[in-house]
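The values are calculated or read from the model by the stated rules, or taken from the named source; none is laboratory data. Everything numeric in this text was worked out from a predicted model, so none of it was measured. All Cβ positions, glycine included, derive from the backbone under ideal geometry; neighbour counts span all protein chains shown. In case anyone asks, the SASA skips ligands and DNA or RNA and just uses the protein heavy atoms, side chains included. Shrake-Rupley method; radii C 1.70, N 1.55, O 1.52, S 1.80 Å.
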Amino acid sequence: MPPPRQNILEIEGLTLSYRARGAVVRAMDGVNLVVGDGEAVGLVGESGSGKSSLARVVLGLVPERVSRIEAGRIVIAGRDVTRLTQAEWEGVRGNPVAIVFQDPLSYLNPVMQIGRQIAESILRHTPDLKVAARVDELLELVRLPPACATAYPHELSGGMRQRALLAIALACRPRLLIADEPTTALDVTTQAEILALLKDLRQRLGMAMLLISHDLGIVASACERIYVMYAGHTVEWGRTQAVFGYPAHPYTIGLLKAAQAARNAQGRFATISGDPPNLAELPTGCPFVPRCPYAMAECSRAMPGPFDAQGDAGHTVRCWRYHETASGIAVARPARDAG
Amino acid sequence: MRGYLLSRLAWAGPIVFCILVINFLIIHVVPGDPIQALVGDFPTPPGYIEQIRHEFGLDQPISTQLGLYLLNLAEGNLGFSFANRQPVLGLVLDRARFTLLLMLQALTAAAILGVVLALAAAPRAGSLYDSGITALSLIGFSVPIFWLGQILVIVFAIKLRWLPAQGMISLRDTPTGWAAVTDVLWHLILPAFSVTIYYVAIVARVARASVLDAMSQDFVLTAKAKGLSRRYVLWRHVLPNALIPVVTVIGYNFGYSLTGAILVETVFAWPGLGNLFITSIGNRDYPLLQGIFLLTAIAVVIANVVTDVLYAALDPRVRSSYGRNA
Ligand SMILES: Nc1ncnc2c1ncn2[C@@H]1O[C@H](COP(=O)(O)OP(=O)(O)O)[C@@H](O)[C@H]1O
Ligand SMILES: [Mg+2]
């Protein structure tokens, strides 16, 4: 595209590295990502591909000492936030951008009542409201019983904790909600409930959402546009129908095929052949080369693209051979609607 | 909370009983005649030995003796200290007040100061400031209390003559009323300081580690992600979680802190239990020693119950394991 509305989030060529025990890990490398106001965008990729790093760096929540933004910029609601200090980040966190983390138990304060944890968000961002009434309102919004206000996290089920975490984020009245694998820690039924709730709330509140998951079905059902991430690189993005209907990057193709095979075989896991990459020792060029059936000498020289894939406007891919891959393979887009 | 409290008290009951029984058995383990042990090395009034023999029923089976012993305790009869010419119970309780005056203020000051130092140091872990506090706390609890005490006496009492070197009250002129209170406080400064330093060092070390641990927890990220300030997150999210292990360590080490009392009371001739303990060893005053053992053991049990209650007050997960509304 990019979408015809104002963008709440723009990430341009962002490179983020961690320094851990001597080794330098590039969790994000030249990442591009845009979320329009009110838009639902998905980010998929296997675990370790840098999704959570992306979610956190957008809020200045990557550990200061061991991480460094080496290149690129982050723009939130038109403001360049790439080099903010911790104190300045406080003006971004919660509003306009809020986040829901993956593991709902460890991300809730174990010794503080849920209502109090929600109230903190309210007091920070909309102190003029009647706090108690607003807490009740938020609990109702995420479909938790009012009694949860005085409950402690360990007294709730996994699904209820995830709703509580959602209420804490929504209490900040964000324009963009980042949900980092919000359903991964939950059982299948609860997953579907939370996902339906997210979709419903996003539309009702008119906020943008960046939904992060390793599960293709989840992002496909909830998002208008999709980014596919591999080893710290965004390798393909575009409208959901385009990316999943006519995938152009060999990695996306592999993911979709594996997902299809897993569905057919009732298998538990969708995997592609080859080992997941070691981010500390990435080859130069395209990181997918060691596992790529289309790899050629050119691929190891430099990361290709981005190129406009044919067919759909805004469908972008970072692969030299996108003509061949896109025309040669037709993968049915996953029709599953988990909601 | 009530269920929790009851369970803690139910735990303390048998422990106290065991302490009583062990204390009883000590009489029989001490080498020599138990009567001699009970009476000590002091010339006794004629007939007293018979009185003791009768009181404790030493000619009867051991179970009956235990019963009699417990009965005596129930009446508050812990024996008589001939060295001090007083009943043991009154003497021990009297001196315990002064030890509590010294130790409770030291532990309270240490808890507050140690935690504040840790809160200042942990967020700057690895900085010069943090290393400085770590080094100071290392020195703080490596320096022997009695040595520090003597240095303080030499500097502030003997050289500078700012503070009294020994005792709890001035002997030359005995002040009354408000002046008596300030006089005691004046005497308290040096001993309190030397024992407090030690506890501050211990608490600061434990607290620094648990603040660091709490800071690395995931929920801190949620709190920051709301846009809360660093300082707010530290005081309202990190601290309440970090306090849980700190309270446990301080509370469960209450018994050890009594050894500190013995040392500092000896150096400063502070008339507390520690001092009494040392003199009663010198006097081989067995009834008194027994009384001190008994009461300190019970004090440690009480400290543990109080710790458990504080622990539950700080951590709702502990309360919950005893029922939602317990
Ligand atoms: N604090 C950190 N220090 C060092 N390495 C990290 C840190 N956080 C993440 N990483 C590394 O960055 C890479 C990407 O991790 P992450 O962003 O969590 O990926 P994902 O969410 O897709 O699983 C991984 O190799 C991970 O080991
Ligand atoms: Mg992740």
**OP:** Find the percent of Cα-Cα distances in region A:162-317 that exceed 25 Å, and round it to a whole number.
**Re:** 39 percent
Subject >> Rounded to whole Hz, the Karplus (6.51, -1.76, 1.60) HN-Hα couplings of region A:105-111, x for glycine and proline >> reply: 6, 6, 8, 10, 5, x, 10
**OP:** Would you mind checking region B:286-308 for residues with the amide N under 19 Å from a putative spin-label position 7 Å along Cα→C-beta of B:Leu66?
**Re:** B:294, B:298
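Can you give the alpha-carbon Rg of the protein assembly as shown over 2.2 N^0.38 Å, where N counts its residues? Show your work: numbers first, answer last.
Numbers: Rg = 34.9 Å, N = 665, 2.2 N^0.38 = 26.0 Å.
For the protein assembly as shown, the normalised Cα radius of gyration is 1.34.
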**OP:** Describe numerically, in nm with one decimal, the distance between label points set 7 Å from Cα along Cα→Cβ at B:Ile189 and at A:Trp89.
**Re:** 4.7 nm
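Just the Kirkwood number for chain B, please: inverse of mean 1/r across all distinct Cα pairs, in Å, one decimal. Walk me through the intermediate numbers first.
On the way: mean 1/r = 0.0439 Å⁻¹.
Taking the inverse mean of 1/r over all distinct Cα pairs, chain B comes out at 22.8 Å.
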**OP:** Could you pull out every one of the lysines with an alpha carbon less than 29 Å from that of B:Lys224, ignoring same-chain neighbours closer than 8 positions?
**Re:** A:Lys51, A:Lys130, A:Lys199
**OP:** Equivalent ellipsoid semi-axes for region A:4-83, as square roots of 5 times the alpha carbon gyration tensor eigenvalues: give them largest first, rounded to whole Å.
**Re:** 23, 14, 10
Original post:
Once you sort the root eigenvalues of the Cα gyration tensor of chain A as a ≥ b ≥ c, which label holds: rounded (a/c under 1.5), prolate (a/b larger than b/c) or oblate (the other case)?
Top reply: prolate
**OP:** Could you go through region B:287-303 in sequence order and give the Karplus-derived ³J(HN,Hα) for each residue, using 6.51 cos²θ - 1.76 cosθ + 1.60 with θ = phi - 60°, rounded to whole Hz, and x for Gly and Pro?
**Re:** x, 5, 4, 4, x, 5, 4, 4, 6, 5, 4, 5, 4, 5, 4, 4, 4
**OP:** Mind jotting down the distance between the C-alpha centroids of region A:124-200 and region B:67-97, whole Å?
**Re:** 61 Å
**OP:** Provide the percentage of antiparallel DSSP beta bridges, counting only those with both residues in the protein assembly as shown; round to the nearest 5.
**Re:** 65 percent
Original post:
What full-extension length gain, to one decimal in nm, is calculated for A:Ala262 and A:Asp308 as 0.36 nm per residue of separation minus the Cα-Cα distance?
Top reply: 13.6 nm
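Any chance you could run the full-extension gain for A:Arg116 through A:Arg301? It's 0.36 nm times the residue separation minus the Cα-Cα distance, nm to one decimal.
On the way: separation 185, 0.36 × 185 = 66.60 nm, distance 5.40 nm.
Taking 0.36 nm per residue and subtracting the Cα distance, the gain is 61.2 nm.
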Original post:
Once both labels are modelled 7 Å past Cα along the beta-carbon direction, what's the B:Arg231-B:Thr259 spacing in nm?
Top reply: 4.1 nm
Original post:
Residues of the protein assembly as shown: accessible area per residue at 1.4 Å, in Å²?
Top reply: 46 Å²
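How would you order A:66-77, B:275-286 from highest to lowest mean count of nearby Cβ atoms within 10 Å?
Details: A:66-77: 16.7, B:275-286: 18.7.
So the order, starting with the most tightly packed, is B:275-286, A:66-77.
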Subject >> Label-point gap, in nm, between B:Leu100 and B:Ala157 - each point 7 angstrom along Cα→Cβ >> reply: 2.5 nm
Subject >> Protein heavy-atom accessible area occluded, B/A pair - total, 1.4 Å probe, Å² >> reply: 2400 Å²
**OP:** Give the accessible area for A:Lys257 in Å² (nearest 10); use a 1.4 Å probe, count only protein heavy atoms, and leave out ligands, DNA and RNA.
**Re:** 100 Å²
